[in-house]
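The values are calculated or read from the model by the stated rules, or taken from the named source; none is laboratory data. Note that this is a predicted model, so its numbers are computed, not measured. Reconstructed Cβ throughout: ideal geometry from the backbone, glycine too, with neighbour counts over all protein chains shown. Just the protein is used for accessible areas: all its heavy atoms, side chains included, with ligands, DNA and RNA removed. Shrake-Rupley method; radii C 1.70, N 1.55, O 1.52, S 1.80 Å.
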Amino acid sequence: MPAEKKPMRYGHTEGHTDVCFDESGSYIVTCGNDGDIRIWESLDDDDPKSINVGEKAYSVALKNGRLVTAVSNNTVQIHTFPDGAPDGILTRFTTNANHVVFNDSGTRVAAGSSDFMVKVVDVNDSSQQKTLRGHDAPVLSVAFDPKDIFLASASCDGFVRVWKIADQECVTSWPLLEKSNDVVNAKSICRLSWQSRSGKVLAVPVGKSVKLYSRDYWDNTFDLSDDSITQTLNVVSWSPCGRYLAAGSIDGNIVVWNVENKKCLERVKHEKSYTICGLAWHPRGGQIAYTDNEGNLGLLENVADLIEKASSGKVSATVAKDYDDLFDGDDEYEDGQSQENLRDLRAAMNTVVDEDDDDDDELMPSLSRPRHRGSFLDDDNSTDSVPLQPVGAGEEADEDQALGTKISSLAAPVKAVYDGPMPTPRQRPLQPGSTPAHLMHRFMVWNSIGIVRCYSDEEDNAIDVEFHDTSIHHAMHLTNTLNHTMCDLSQEAILLGCKSTDELASKLQCLHFSSWDANKEWIVDLPKGEDAEALCLGQGWAAVATSSLLVRIFMMGGAQREVFSLPGPVVSMAGHGDQLIIVYHRATGFDGEQCLGVQLMELGKKKKQVLHGDPLSLPKKSYLAWLGFSAEGTPCYADSEGIVQMMNRALGNTWTPVCNTREHCKGKSDHYWIVGIHENPQQLRCIPCKGARYPPTLPRPAVAILPFSLPYCQTATEKGQMEEQFWRSMLFQNHFDYLAASGYEYDENAKDQAVKEQQELLMKMFALSCKLEREFRCVELAELMTQNVVNLAIKYASRSKRLLLAQRLNELALEKAAEQAAAEEEEEKEDFRARLNAGRTDTEWNQSYHHHRPTTAQHTDDTEDNEEQEDMDTEDIASERTNRLNSVSPCQTSPEKKTPKAATIVPSNQGRSNPFKVSSNSKGPGSTSGQARCANILDNMTKSVKKPAMSSNQPANKQTSPVLKPLMPKPKSKQAQTTLFQTGTVKSNSTSAEQKESKVELVAAEQTAPPPATPENTETKRPKTGFQLWLEENRADIIANDPDLEEGDIIKEGMSRFRSLLPEERMVWTEKAKGGSTNAVAGDTKKRKHMEDENKETPENKKNRSDDTSSTKKQKPLDHSTNLKLSSFAFKKD
């Protein structure tokens, strides 16, 4: 059986540590990077004595009641033991001393420094010093010869040297180590060790083996190695008897050899594979104390204990022994069989003997009488038991033979071999934002609300509470009479918890400082045998997880709420608002991994469980280091490797790494201690800990802010950076939706700004993909865009001459428009249901709906009134303009001009419309391909609200437009829409009068078909207006574009299209409404007159006519394919 390994204890902050025993073996002394010397009475000592010697302590040695330490202030100090009183400075160096050792007599101390020197100092008279110079790099370690003649040293220059102290000369040297420029960069600290008592052999850890050099000839006699050693050995130490050698490696392996037979006796693996940097034997043997580079202290017991007893228990053939000695350990048990197993074996054999006591009274002599061993003396190493047979035993001898066989089967050692993964010790409960409980001065909690410190020493045991915002509450000083070890702080209360003792039960104490009554404090005793393991506070509640696998919830006033069980022992828990997150052990982990599960619950009015014990993702050989919520309420956690993960609610409540704090650490032993996370702005608030995992309480540490970064690929490229920024913004935006769904207030401006940044990033990635000719990728990115940004992408693609991409994006835009319309309709239905649920019956709602909604006739009358007023103004302007045009150029457009088809888009003089403003009336993908308005790319763009300014010699038109009353209350009013090719720039100076008159003729020729009668026209008694005639003519076209439009929407759409017509065109419809068929005949007469005038045109007129014709031909692309239309739009000048 291997040596018994005790659970490790936290001793110092992370970094190099050293360990030694006192001469009696009653105390274990350790030092570490926190500058403290701790004196432990045993490994279970919960309150070791602490002596602060400086900022850092690199090495410690103890002899004759004197404690010597190598301190970071370039000195070697001496203190009294065990009092710890300073006794002066033994020597100084120009840099740090790395290692100190005593000689066997305790009269001299050797110290090696980073200034390449080794000093040997007399303890009683520090002026008596010897300096050994010869190394070319910092000294790693030193070791005294037990006879006090030689001294060995190892250095970063790669050499191990042996010095003769009296002559201060180097006797010999070996180039054994890898070279390095500093101790922190050395692969091994190479702790040397001379063989105890005799000093015949010097042991040097080199690579994966230990080289042993003879004192007489300084040659390498042999090496010790083992297959379990896979990494470089770091330190070696001889047992007090000089027979055994222990070595520790940088990956946490501890191996013990018997130097006489070169056999490996013990193989112990560090539970977390940390580097073994300190190793010390107990003065009486049997125990090894060791430390790692994380500040932990461990202890091995029963090391080679069996061997010591076996060697002392051997007897010669002439010495008689008691019967019990037959079953003492022999040499065969050197493979690791423990003395405890021998005692169990002896007890089993005694049981067998007692069973057959009646039959064997004559055979088995009294245990108190000496007797000869017989055949046992032939082989001292034999473990087989041969029964004693008196002469003439006869048949009884056969029974003794059977008994001997039974005894032999019990005596044979049975060793179970298991080569599989070893179970991982379970992580102890963790209180987020706290430092280890054994520290005298520690943080009980540090979060976004405040700081709670605990001071526990001989003079005082108190708790100080400090708030970041003093408006919440002033600072408090509490007396820690109950010895509380757990704490949580919120804006409402302070929650404290303590473990149970022999006299007192575990207690939960709450100081509800936000209470409006006078009684602000309550205490609850947990049931007997049940200890508080973790606790947290939420909004209006408190929770505690206990050792009985229970979670108890309390109201803030102290009343008890729900109680439920956990599937495993709790690790940590945290609260925020109505949310409670709990991490616990799901099962036993293996190979250094923790098997943790997480539950997320909401304890508000609608109680529900969000995460049902899902596995918590942790890197290999790591553990949970922090658990909590962001300031906005998103669950987060961090592991010991420095990886911070946040819940992604939009991706099925999965976990996403958002920061790796190790990337911001300057040294390997540096860490960041998390105190808070904010999503808006994106900040990770933490405390830098140099050479440690936890910050000291004094001086008050400064808080650093680290940026978030998602682990995306190729973040060095522009594409990777934009992708990481976009998805990080999406992740950190999820809290807005959660807050809105939970009924909390949030900053809408911040959400709008986040959406704007996301769309800008998408547009940048879209442009980059266009440059790289990744059109399919462009469409994928456009699917993430809003409708407005899709329109911008369409314009960019068109102007980049990527017409196929523009057409694809147009189809996508139509789909998004249809989805938006459906979403708005669903919102209207939800609003309708909400109003019904508010207390109004269907009858009341319908009456209110019909009361506020105008009828079709009323809506038409209102529209006609507004239109008639506009028509009157339009007629005055048009008549005046016509007179001027006729006076300048009497020529009219040729009647041979073909009438455009229904799909032809008529240019507008309303000015260029806003191409990025999306209306809710966008046409869906259900429209047919033959309808030109739906097939156009920017069909969902809205025209400008303002009318274009007239020329300087024309009277200004009115800017007022008819206001359409909504049919029913909606969250968002629908807007009028136009198509891509209706958005043109006003060119009043460049467009000739002949072109405008030709457009009037084209429209007049197109409207020759009589309008169909509609129910609205039959119901109206008033004379028809121009708009009504135009609506009757174009109603079928409007309905064909969108069959789902209601009557009111048809009127609004028609009004929008009618207003987009030229004043001359509207004047034609107005004249039709006033003059009827008489005006139509007059119009035909006027056409014939213009035809006769054209037959008499002059050469100058012919030239103007040819220019006009060419101008008309330039507009011919209106009849071309969609691609030509896109290209004409993309390169159309303003």
Any chance Gln721 is surrounded by 18 or more Cβ atoms within 10 Å (Cβ to Cβ) and among the polar types (S, T, N, Q): no
Every pair of residues 6+ apart whose Cβ atoms lie under 6 Å, when the first sits in region 478-491 and is crowded, with 17+ Cβ neighbours inside 10 Å while the second is part of a strand (DSSP E or B) and of a type in the set (S, T, N, Q): Asn480/Asn461
Failed item in (1) closer than 18 Å to Trp673 by Cα; (2) of a type in the set (D, E, K, R); (3) open to solvent by 50 Å² or more (accessible area, probe 1.4 Å), with Asp457 passing the rest: (1)
Answer residue from region 695-718, given it is among the hydroxyl-bearing types (Ser, Thr, Tyr) and in contact (Cβ under 8 Å) with a residue 24 or more places away in the chain and is least open to solvent (accessible area, probe 1.4 Å) among those: Thr697
Any hit, region 287-298, residues being at pLDDT below 90 and either over 30 Å from Gly32 (Cα atoms) or in a loop (DSSP other than H, G, I, E, B) (or both): no
In region 166-187, the residues that are more than 39 Å from the chain's Cα centre (by Cα), of a type in the set (Gly, Ala, Ser) and either within 23 Å of Lys211 (Cβ to Cβ) or surrounded by 17 or more Cβ atoms within 10 Å (Cβ to Cβ) (or both): Ser173
Meets criteria (modelled with pLDDT under 95, in contact with a strand residue (DSSP E or B) (Cβ under 6 Å, 6 or more places away or on another chain) and not polar (S, T, N, Q)) for Leu618: yes
Subset tally (residues that are under 15 Å from His678 (Cβ atoms) and either at pLDDT 90 or above or of a type outside the set (A, V, I, L, M, F, W, C) (or both)) for region 739-748: 2
Qualifying residue in region 833-847 (condition: modelled with pLDDT of 80 or more and either outside any helix (DSSP H, G or I) or out of contact with any strand residue (DSSP E or B) (no Cβ under 7 Å at 6 or more places or on another chain) (or both)): no
Close pairs from region 560-574: first under 16 Å from Asp531 (Cβ atoms), partner open to solvent by 50 Å² or more (accessible area, probe 1.4 Å) and polar (S, T, N, Q), Cβ under 7 Å, at least 6 apart: none
Yes/no for Asn791 being touching a strand residue (DSSP E or B) at 6+ places or on another chain (Cβ under 7 Å) and either modelled with pLDDT of 80 or more or among the small types (Gly, Ala, Ser) (or both): yes
Tally, over region 249-274, of residues that are within 13 Å of Ile229 (Cα to Cα) and of a type outside the set (A, V, I, L, M, F, W, C): 9
Scope region 169-187; condition of a type in the set (Ser, Thr, Tyr) and touching a strand residue (DSSP E or B) at 6+ places or on another chain (Cβ under 7 Å); matching residues: Thr172, Ser173
Looking only at region 506-527, and only at residues there that are in a strand (DSSP E or B) and in contact with an Asp or Glu (Cβ under 9 Å, 6 or more places away or on another chain), the one that is nearest to Leu478 (Cα to Cα): Leu511
So Leu495, is it open to solvent by 10 Å² or more (accessible area, probe 1.4 Å) and either modelled with pLDDT of 95 or more or in a loop (DSSP other than H, G, I, E, B) (or both): no
Residue in region 154-168 that is part of a strand (DSSP E or B), over 29 Å from Asn293 (Cβ atoms) and touching a strand residue (DSSP E or B) at 6+ places or on another chain (Cβ under 9 Å) present: yes
Any hit, region 246-263, residues being basic (Lys, Arg), open to solvent by 20 Å² or more (accessible area, probe 1.4 Å), under 30 Å from Gly592 (Cα atoms) and not in a loop (DSSP other than H, G, I, E, B): yes
Complete set of residues in region 508-527 that are surrounded by 14 or more Cβ atoms within 10 Å (Cβ to Cβ), closer than 17 Å to Ile553 by Cβ and of a type outside the set (S, T, N, Q): Leu508, Cys510, His512, Trp522, Val524, Leu526
Enumerated strands (runs of 3 or more DSSP E) restricted to region 528-601, each holding at least 1 residues that are modelled with pLDDT of 95 or more, open to solvent by 10 Å² or more (accessible area, probe 1.4 Å) and of a type in the set (Gly, Ala, Ser): 560-565, 570-576
Residue count for region 1056-1065, restricted to those that are within 14 Å of Glu1033 (Cβ to Cβ) and either hydrophobic (A, V, I, L, M, F, W, C) or within 53 Å of the chain's Cα centre (by Cα) (or both): 2
Only listed residue being open to solvent by 10 Å² or more (accessible area, probe 1.4 Å), of a type outside the set (Asp, Glu) and touching a Leu at 6+ places or on another chain (Cβ under 9 Å), chosen from Asn220, Asn234: Asn220
Residues of region 602-647 classified as assigned to a loop (DSSP other than H, G, I, E, B), crowded, with 20+ Cβ neighbours inside 10 Å and free of Cβ contacts under 8 Å to residues at least 60 places away in the same chain, total: 3
Region 203-219 residues that are part of a strand (DSSP E or B), paired with ones that are basic (Lys, Arg) (beta carbon under 9 Å, 6 or more apart): Ala203/Lys211; Val204/Lys211; Pro205/Arg191; Pro205/Lys211; Ser214/Lys200
